[in-house]
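In what follows, a structure is listed as structure tokens, so that the remarks can point back to it.
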Amino acid sequence: MNKTLKFHISKRASLPWYKSWAIRGIAILAALVVCAIVTMLMTGENPISIYSTIFYGAFGTTRRSWVTIQELAVLLGISLAVTPAFKMRFWNIGAEGQVLIGGLATTACMICLADKLPNSMVIVCMIIASILAGAFWGFLPAFFKAKWNTNETLFTLMMNYIATQLAAYFIIVWEVPKGAGKIGIINQSTEIGWLPQLGNQYLLSILVVALLTGVMYIYLNYSKHGYEIAVVGESQRTASYAGIKVERVIIRTMVLSGAVCGLMGLLLVGGINHTLTTTVVDGRGFTAVMVSWMAKFNPIAMIFTSLLLVFLSRGASEISSVFGLNHSFADILTGIILFFIIGSEFFITYEISVQRSAGKEA
Amino acid sequence: MEPVRNAIKMEHITKRFGSVVANHDINLELHKGEILSLLGENGSGKTTLMNMLSGIYYSDEGQIYVNDQPVTISSPKDAFDLGIGMIHQHFKLVDVFTATENIVLGLKDEGRLDLKKARHKIQEICDKYGFEIDLDRKIYEMSVSQKQTVEIVKVLYRGAEILILDEPTAVLTPQETDKLFTVMRNMKADGKSLIIITHKLHEVLEVSDRVAVLRKGEYIGDVLTKDASQQSLTDMMVGHAVSLNINRPEPVNVAPRLVVEGLTVYDELGVKRLSDVSFTANAGEILGIAGIAGSGQRELLEAISGLYPISEGSIRFYDPQGGEGQPGKELVGLDPMAIRRCGVSMAFVPEDRLGMGLVGSMGMTGNMMLRSWRKGKGIFLNRKDPEEMANHIWKELDVVTPSTSFPVRRMSGGNVQKVLVGREIAQDPAVLMTAYAVRGLDINTSYTIYNLLTEEKMKGVAVIYVGEDLDVLLELCDRILVLCGGQVSGILDARTTDKREVGTLMTNMGGDSIDE
């Protein structure tokens with residue numbers, strides 16, 4: 001008879017909030033320790049100085065803090081956009097394309113209407129065009145899902161490539177100067193179609209996203225639409241049993257999701273960069289999925305999860321320049337920290353007990 | 001050395017799910033080279049018991065022996081290594097692969113995968129036992145019976161000596177069932193030991209050597225098939241009448257409320273699920289619906305609520321305010337919302353309790369809103385009234401929960417059901433349909449729910465109670481409709497009938513299923 005240890009994993013009945021936060025805290029501490037070990041082993045640098053450099057990279061100067069907050073706003077905005085869809089269990093990984101197409105629509109208005117309409121009218125057109133473009137990019141996969149139950153993950157992913165190729169095509173059409181392969185700053189002299197500045201160049205997008213956060217929180221938690229989304233996400237059967245028209249909710253929610261993405265495209269092109277490149281979204285459409293999930297679809301909690309990710313990525317580029325480390329090293333650290341944070345959810349949901357069994361192994 | 005007599009022996013097996021005991025102190029033997037039928041009503045713990053053999057569950061107490069050796073089965077792989085193969089009700093096949101590919105899937109052979117050789121070996125197995133199957137056909141092109149054949153060949157290919165079939169005939173036509181029984185006999189002749197889970201008595205008598213009976217998680221006994229009859233097996237399955245002393249006042253002001261005529265429905269696969277069902281549910285009466293699991297109970301309730309497509313028949317609703325001689329309102333063709341507005345209410349408690357009617361991640365208030373979210377003007381939800389209703393139910397029914405916003409998924413089963421049934425009753429329905437309302441509940445909670453239903457009956461509601469426990473049906477209901485294979489096999493007066501009569505109708509001695 002040989003004794004064997006058996007691990008049994010079972011779902012926790014419930015966990016008080018302070019214990020779940022304690023688990024998350026331990027996870028972050030453990031992540032920092034592992035990061036420190038990895039840092040010392042691979043670079044020989046002192047981990048404390050690396051950490052302080054990361055912090056300096058994100059909040060070291062006033063300008064850096066503003067940029068960090070602006071980056072936070074952009075990521076948060078896109079995360080807010082994907083949240084209704086994810087809460088509905090609609091796997092929209094097409095935010096990347098929906099933002100880009102919104103940005104493309106913005107660019108089109110800025111370039112084509114600059115000498116035809118007054119500045120204010122151009123901006124109104126930009127707002128309408130970007131929202132419509134994003135909404136359309138969200139509508140297509142939702143429509144096909146509702147009518148023919150196509151796979152929304154593949155569909156939205158493919159729509160990303162279409163958006164990228166469209167943007168690439170029009171960048172060549174509008175390139176300045178000819179042969180440059182890029183657009184450059186649009187209307188640099190006239191500043192037509194540049195969104196107005198509030199105080200400084202960062203504040204507009206920050207305020208828009210702050211407003212959006214509040215609106216989205218109320219929409220998801222206190223509106224009839226938000227309730228419908230939650231029920232559809234839980235069970236389509238229950239939803240139709242409660243008289244919710246599931247197809248309509250799917251399409252409506254994705255149109256909303258896409259529209260907000262389009263709006264973020266407007267902010268990126270019209271308010272922040274004043275140009276369009278195919279990489280203007282820079283993977284934030286995918287990072288947003290993580291932000292939204294880590295915050296369990298709560299818009300307020302998303303402020304913190306997006307802050308964490310923006311903080312890490314801003315700090316990461318700083319250590320790569322200060323210590324002459326490869327930028328990938330920063331990604332390694334980010335990866336380790338995310339691994340621990342996401343992994344800690346497992347220990348919050350499940351408990352592991354060890355059983356001794358005396359039975360002979362077959 | 002003594003020859004091995006028992007392929008499997010289970011000793012004192014107990015399995016609990018939370019506070020519910022699914023199997024209690026069960027002793028079961030499967031002899032070498034026999035076909036054993038495992039018989040029992042729905043919820044009697046047959047599948048749970050078998051899942052412990054196939055490594056899906058792990059028993060809380062007891063010991064399992066395979067070929068007289070004590071073993072620990074803690075994963076499906078352990079079960080395979082011991083030569084135990086289970087064919088589940090839900091097939092586990094990859095749709096876009098061929099039969100051959102599915103059969104070899106997941107096996108670790110030496111060297112590289114030789115599909116040709118494997119195919120040859122599989123063909124040999126098919127020829128040996130008489131399986132008829134095209135090994136190069138893709139799963140999605142196959143009928144249900146062919147998929148099942150693939151599953152059986154799969155476990156044989158993996159060298160299973162002990163086969164467990166979980167209600168294999170539930171999805172088969174009578175002709176396919178005959179074929180299945182033929183190969184089962186061929187396997188037995190080859191020295192394999194088989195367990196078949198079923199609750200169709202005539203099949204038990206036809207195919208098995210011995211019958212073991214479970215009732216409410218307990219082992220009742222076994223009997224050689226040659227000594228058994230449909231009647232004796234029914235008696236074992238349903239047991240002796242137990243007096244429950246449920247309060248049952250005489251109905252008053254009985255009047256037709258819901259008249260169902262010639263209801264026939266087909267499922268997505270085109271299989272007839274209800275055939276020419278006709279009955280009347282009266283106001284001021286509890287109409288019980290008895291039947292073996294899957295006899296059409298769910299389809300019937302869903303059809304009435306407008307959730308299941310109806311191909312033929314009519315459902316007429318007589319409004320309590322409509323007065324005498326009203327023509328009645330046709331419900332067929334109306335959408336679920338419209339039907340609900342008439343006052344037809346349904347509380348269906350599925351196996352997982354939450355599958356329908358409740359949203360697990362929301363609290364009581366959120367779930368109350370499922371019925372009222374549309375009310376009120378504007379885009380915002382009215383939380384106040386549902387909150388009040390939740391508080392009311394919380395107090396009235398003693399729901400154990402820390403708050404009305406505590407997710408119902410994390411409540412215990414009994415409390416979830418109180419929320420569900422309480423909400424339906426709070427709607428002041430004209431017709432209240434409940435299915436398995438006391439499934440998995442302890443005695444006290446069950447009585448609370450019986451009393452609630454009786455109160456509704458005395459208020460003049462037409463109550464339809466789909467139940468599993470015959471004792472309860474006999475004491476709670478005024479009339480009992482027995483469903484068998486999607487047909488009404490009888491409507492009985494609950495005060496004068498007995499368990500034996502209901503049991504007989506449930507298993508329908510006259511013949512089974514709806515033959516097309």
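We did not get these values from a lab; they are worked out from the coordinates using the rules stated. Note that this is a predicted model, so its numbers are computed, not measured. Note: ideal-geometry Cβ built from the backbone for every residue, glycine included; neighbour counts use all protein chains shown.
Whole Å is fine, so just give me how far the alpha carbon centre of region B:418-434 lies from that of region B:444-494.
15 Å
Restricting to DSSP H runs of at least four residues, report the calculated mean residue ellipticity at 222 nm for chain B, -39500 (n - 2.57) per run over all residues, nearest 500 deg cm²/dmol.
Helix-only estimate at 222 nm: -9500 deg cm²/dmol.
Give me the distance between the Cα centres of region B:129-168 and region B:301-346, rounded to whole Å.
Result: 43 Å between the Cα centres.
Can you bin region A:1-153 into rounded, prolate or oblate? Criterion: square roots of the alpha carbon gyration tensor eigenvalues sorted a ≥ b ≥ c, rounded for a/c under 1.5, prolate for a/b above b/c, oblate for the rest.
It is oblate, given that a/c is not under 1.5 and a/b is not larger than b/c.
With an 8 Å Cα cut-off and a minimum separation of 6 or more residues, compute the relative contact order for chain B in percent.
That works out to 15 percent.
Which of rounded, prolate or oblate describes region B:6-238 when judged by the alpha-carbon gyration tensor and an a/c cut-off of 1.5?
It is prolate, given that a/c is not under 1.5 and a/b is the larger ratio.
Mind counting lysine pairs for me in region A:46-322? Cα separation below 19 Å, and the two need to be 8 or more apart along the chain or on different chains.
Lysine pairs meeting the criterion: 7.
Show me A:47-60, B:246-259, B:153-166 ranked by packing, highest mean number of other Cβ atoms within 10 Å first.
B:153-166, A:47-60, B:246-259
Counting only other chains, what is the mean number of Cβ atoms within 10 angstrom of the Cβ of each residue in peptide B:372-380?
4
Using the beta-carbon distance between B:Ile125 and A:Leu15 and R0 = 56 Å, what value does 1/(1 + (r/R0)^6) give for FRET efficiency, to the nearest 0.05?
0.65
Please give me the summed charge of the neighbours of A:Asn151: other residues whose Cβ is under 15 Å from its Cβ, Lys and Arg +1, Asp and Glu -1.
Computed value for this residue: +1.
Which residues does the label zone of A:Thr349 cover in region A:281-313, counting backbone N under 14 Å from a point 7 Å along Cα→Cβ?
Those under the cut-off are A:293-297.
When Cβ neighbours within 10 Å are restricted to other protein chains, what is their mean count per residue of peptide B:361-368?
2
Return the distance in nm (one decimal) between the two label points of a simple spin-label model at B:His90 and B:His12, each offset 7 Å from Cα along Cα→Cβ.
With each label placed 7 Å out from Cα toward Cβ, I get 3.5 nm.
Assigning unit charges at the beta carbon (Lys, Arg +1; Asp, Glu -1) and nothing else, what dipole magnitude in debye, to the nearest 20, does the protein assembly as shown show about its Cα centre?
Magnitude of the dipole: close to 2720 debye.
Which percent, nearest 5, of DSSP beta bridges in the protein assembly as shown are antiparallel?
If we restrict to bridges inside the protein assembly as shown, about 60 percent are antiparallel.
Could you work out how far apart the two model spin labels at B:Val271 and B:Glu312 are, taking each label as a point 7 Å from the Cα in the direction of the beta carbon, and quote it in nm?
2.0 nm
Quick one: order A:Trp17, A:Trp91 by neighbouring beta-carbon count within 10 Å, fewest to most.
A:Trp17, A:Trp91
Using the Cα centre of region B:6-238 as the reference point, and only Cβ charges (+1 on K/R, -1 on D/E), how large is the resulting charge dipole? Debye, rounded to the nearest 20.
So the magnitude is around 440 debye.
Please sort A:151-160, B:139-148 by packing, taking for each peptide the average over its residues of neighbouring beta carbons within 10 angstrom, highest first.
For the peptides A:151-160, B:139-148, the packing ranking is A:151-160, B:139-148.
Which of the lysines could a cross-linker bridge to B:Lys192, judged by Cα under 16 Å and excluding same-chain residues fewer than eight apart?
B:Lys9, B:Lys32, B:Lys128, B:Lys154
Computed FRET efficiency, Cβ-Cβ of A:Asn298 and B:Glu388, R0 25 Å: what is it to the nearest 0.05?
0.45
What is the antiparallel percent of DSSP beta bridges lying wholly in chain B, to the nearest 5?
Antiparallel bridges: around 55 percent, rounded to the nearest 5.
Give me the net charge for the shell around B:Ala283: Cβ to Cβ below 10 angstrom, other residues only, Lys and Arg +1, Asp and Glu -1.
So the environment of B:Ala283 carries a net charge of +2.
Over all directions, what mean area does the Cα convex hull of the protein assembly as shown project, stated in square nanometres?
Over all viewing directions, the protein assembly as shown projects a mean Cα-hull area of 45.6 nm².
Relative contact order (percent) for region B:344-428, with alpha-carbon contacts under 8 angstrom and 6 or more residues of separation?
37 percent
How many nm separate the modelled label positions at A:Ala30 and B:Gln63, each set 7 Å beyond the Cα in the direction of the Cβ?
3.8 nm
Taking a ≥ b ≥ c as the square roots of the Cα gyration tensor eigenvalues, with a/c under 1.5 meaning rounded and otherwise prolate when a/b beats b/c, else oblate, which class fits chain A?
Since a/c reaches 1.5 but b/c is at least a/b, the shape of chain A is classed as oblate.
Over chain A, what is the relative contact order in percent, taking alpha-carbon pairs closer than 8 angstrom and at least six residues apart?
37 percent
Treat chain B as a sphere of radius equal to its Kirkwood radius over Cα pairs and apply Stokes-Einstein at 25 °C in a medium of 0.890 mPa s; give the translational diffusion coefficient in µm²/s, rounded to a whole number.
So the translational diffusion coefficient is about 98 µm²/s.
Only helices at least 24 Å long along their own axis, judged from Cα atoms, and with Kyte-Doolittle mean hydropathy of 0.5 or greater: name those in chain A from DSSP H.
A:17-43, A:62-87, A:95-112, A:119-148, A:152-173, A:203-222, A:246-266, A:299-322, A:327-349
Calculate, for B:Asp81 and B:Thr496, the FRET efficiency according to 1/(1 + (r/R0)^6) with r their C-beta to C-beta distance and R0 60 Å; round to the nearest 0.05.
0.60
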